[in-house]
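For reference, the structure discussed in these notes is given below.
Bear in mind these aren't lab numbers, they're just calculated from the coordinates by the rules spelled out. Here the structure is a predicted model, which means the values were calculated and not measured.
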């Protein structure tokens, strides 16, 4: 007697093909993994196991492609944010450097120094 069974291992569902037979008074069994369970059970005719495996792989590939597209979109938004922040930082640095240039005296002539006459006076 052969049938399929879904087993949950560490929260992940797997589908198994179970085969049981009698040897004297004992019932023997063998199970064969068909892979991860991704959706509803569809009875697969004899000789079509390979087709079902290909279908499961296709479903997994589609899910991977969807996740990859979402990851790429997220990465693009992060890159855009990085460019915007870099431009904002450059503008802020440029305005700070202009403000620092305006605050500095034009030349050393404007700086007042004590005259030689005043330096010799006693207090």
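Does segment 1-41 come out rounded, prolate or oblate, given a ≥ b ≥ c as the square roots of the eigenvalues of its C-alpha gyration tensor, rounded meaning a/c under 1.5 and, failing that, prolate meaning a/b above b/c?
Here segment 1-41 falls in the prolate category.
Report the extension gain between residue 92 and residue 73 in nm, rounded to one decimal, defined as 0.36 nm multiplied by the number of residues separating them, less their alpha carbon distance.
4.0 nm
At 0.36 nm per residue, and after removing the present C-alpha to C-alpha distance, how many nm does the segment from residue 19 to residue 102 gain when stretched out fully?
21.1 nm
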